[in-house]
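K.L.:
Take a look at this one; I'll ask things after.
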Amino acid sequence: MTNTGDTAPHRVAVALKVGLVWLGRILALLVIALSLLVAVMGLLGSANFVGYLASRGTTFEVWGVLSGLALLFALITIAGAGFALLRRKLLLALLFSAFAWPMGFVIEGSRCDTEAACRMFGWAAMPASFRDWSVRIRPVTDPNEADHIASAALNQAGSRYSTYNARRFGDHWIVATIDPDGRPGPNAVRIDRRTAATRFVPCPADRMLCGMERPVVSDGERAFSNLRLGLAASFPAGRSVCTARPFEDDLSLDGRGFYGMIRDPDIPCDRDISRELGLEALKERTVAEALPQGCQPLSPALLKAFGGRAPRFDGHRSQVCQETADGQIWVGVFAVAGSRSEGGRVSTTLYEAYMRTTEAGLAEDSRSFEAFVSRAKIGTPAES
């Protein structure tokens, strides 16, 4: 007797049903695998940013919120889908895998790096007002960050001035401003160290350098002196003289010495260093520490320019070397001398006199430098 339920059409229907079930399972597994990959990538990216915020970040803003949520959603996806797969609950794993996707769309839409990305994910972007939200979680301790905050404040105010010389004073920072020509702006930016709140204030010129410094034209007689460092120098008449302020010295008011250039005195000190003579007290304790890499003894040609005798500080044992690069000739004279501190204690300081010139200006500048070094005073409180 024939079983009427086991007909060919019935077997085809059963096979088709089984095939569709397996196809659905395979597609679900592919979606789950892709979601887990997206979740792992999101986990690595967001964990890195969250770790940065937890260890050294200064501001908690919308990107911190989004990164935290992306980290949470990625963990939910990985843990939930993994648990469901272990229990062979494919539908539950598929539901958990959906958590891998929303934060990626929100982050890409809010970031909007390209026009194409804006068109594709703009619908998921956070409102502009929320993107501007932020909370300070650490104080402002870095001068570069203070400069960035001041620049943002100037930009928001529509100012044509730019930042110059960020200095910290106790619980706040002062960032001076300059115009496009390097002249001081009418106000500085005051930044609260704890909250990073900004406001415009007069620049405290008695405590910091406000704007790029303007040279003083030497009359050939005046001695430029630094009592604290025990040095004094007289420059040839007509030289544009500036205070030497090494970058690491934080642009202190008295600097570490002086240098004089052959150029228009209206050009700010910090721009386009040209042919120059200079005298500075160095932070290094020995000549070996201070010598530039590649500094060599004077060549026969340079010795000839100096009349056969190397320049030196009168009354002090001096070491001389030269460096030639990019069409410029640099000569440095180093000596250690004693100077008297405010408490009356005598200590030693390393001093450097230097010349920067070109082949064309060597004959003139070597004579000027020789006289400059011989008249320089080091190691004793200088007469003002």
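The values are calculated or read from the model by the stated rules, or taken from the named source; none is laboratory data. Since we're looking at a predicted model, the values are computed, not measured. FYI the Cβ positions are ideal-geometry reconstructions off the backbone, even for glycines, and counts take in every protein chain you see. For accessibility, only protein heavy atoms count, side chains too; no ligands or nucleic acids. Shrake-Rupley method; radii C 1.70, N 1.55, O 1.52, S 1.80 Å.
K.L.:
Could you identify the single residue in SER129, SER110 that is in contact (Cβ under 8 Å) with a residue 40 or more places away in the chain and either open to solvent by 60 Å² or more (accessible area, probe 1.4 Å) or not in a loop (DSSP other than H, G, I, E, B) (or both)?
P.N.:
That would be SER110, the only listed residue that is in contact (Cβ under 8 Å) with a residue 40 or more places away in the chain and either open to solvent by 60 Å² or more (accessible area, probe 1.4 Å) or not in a loop (DSSP other than H, G, I, E, B) (or both).
K.L.:
I'm told GLY211 meets every condition in (1) in a loop (DSSP other than H, G, I, E, B); (2) over 17 Å from ARG245 (Cα atoms); (3) open to solvent by less than 30 Å² (accessible area, probe 1.4 Å); (4) of a type outside the set (S, T, N, Q) except one. Can you identify the failing condition by its number?
P.N.:
Of the numbered conditions (1) in a loop (DSSP other than H, G, I, E, B); (2) over 17 Å from ARG245 (Cα atoms); (3) open to solvent by less than 30 Å² (accessible area, probe 1.4 Å); (4) of a type outside the set (S, T, N, Q), the odd one out for GLY211 is (2).
K.L.:
A follow-up question, please. Do you know which residues across segment 150-169 are over 20 Å from MET212 (Cα atoms) and small (Gly, Ala, Ser)?
P.N.:
ALA152, ALA153, ALA157, GLY158
K.L.:
Answer yes or no as to whether LEU43 is surrounded by fewer than 17 Cβ atoms within 10 Å (Cβ to Cβ) and either among the aliphatic types (A, V, I, L, M) or under 30 Å from PHE169 (Cβ atoms) (or both).
P.N.:
Criteria not met by LEU43.
K.L.:
Being out of contact with any Cys (no Cβ under 8 Å at 6 or more places or on another chain), in contact (Cβ under 8 Å) with a residue 12 or more places away in the chain and either open to solvent by 20 Å² or more (accessible area, probe 1.4 Å) or in a loop (DSSP other than H, G, I, E, B) (or both) is the filter here, so list the residues in segment 187-200 that pass it.
P.N.:
ARG190, ASP192, ARG193, ARG194, THR195, ALA196, THR198, PHE200
K.L.:
In this structure, does ILE262 turn out to be surrounded by fewer than 20 Cβ atoms within 10 Å (Cβ to Cβ), of a type outside the set (Phe, Trp, Tyr) and at pLDDT below 85?
P.N.:
Here the answer is no, as ILE262 does not meet what is asked.
K.L.:
Oh, and also: Please state which of the following conditions LEU95 fails to meet, knowing it meets all the rest: (1) closer than 30 Å to ALA33 by Cα; (2) under 28 Å from the mean Cα position of the chain (by Cα); (3) not polar (S, T, N, Q).
P.N.:
The single condition LEU95 does not satisfy is (2).
K.L.:
Test VAL216 against the stated conditions and say whether it is modelled with pLDDT of 95 or more, closer than 30 Å to ARG190 by Cα and either open to solvent by 60 Å² or more (accessible area, probe 1.4 Å) or of a type outside the set (D, E, K, R) (or both).
P.N.:
When the stated conditions are applied, VAL216 does not pass them.
K.L.:
Please verify whether segment 142-161 includes one or more residues that are aromatic (Phe, Trp, Tyr) and under 23 Å from ALA176 (Cβ atoms).
P.N.:
yes
K.L.:
Same structure, new question: Restricting attention to segment 141-161, does a residue exist that is part of a strand (DSSP E or B), closer than 30 Å to VAL50 by Cβ, among the acidic types (Asp, Glu) and in contact with a strand residue (DSSP E or B) (Cβ under 8 Å, 6 or more places away or on another chain)?
P.N.:
Scanning segment 141-161 turns up no residue that is part of a strand (DSSP E or B), closer than 30 Å to VAL50 by Cβ, among the acidic types (Asp, Glu) and in contact with a strand residue (DSSP E or B) (Cβ under 8 Å, 6 or more places away or on another chain).
K.L.:
Oh, and also: Among the residues that make up segment 17-36, is at least one of them open to solvent by less than 50 Å² (accessible area, probe 1.4 Å), more than 44 Å from the chain's Cα centre (by Cα) and touching a residue at least 24 places away in the same chain (Cβ under 8 Å)?
P.N.:
Yes: one or more hits.
K.L.:
Could you give me the residue pairs with C-beta distances under 7 Å whose first residue belongs to segment 272-284 and is over 19 Å from ILE329 (Cβ atoms), whose second residue is open to solvent by 10 Å² or more (accessible area, probe 1.4 Å) and among the β-branched types (Val, Ile, Thr) wherever it lies, and which are 6+ apart or on separate chains?
P.N.:
Within 7 Å, the pairs are ALA281/THR349.
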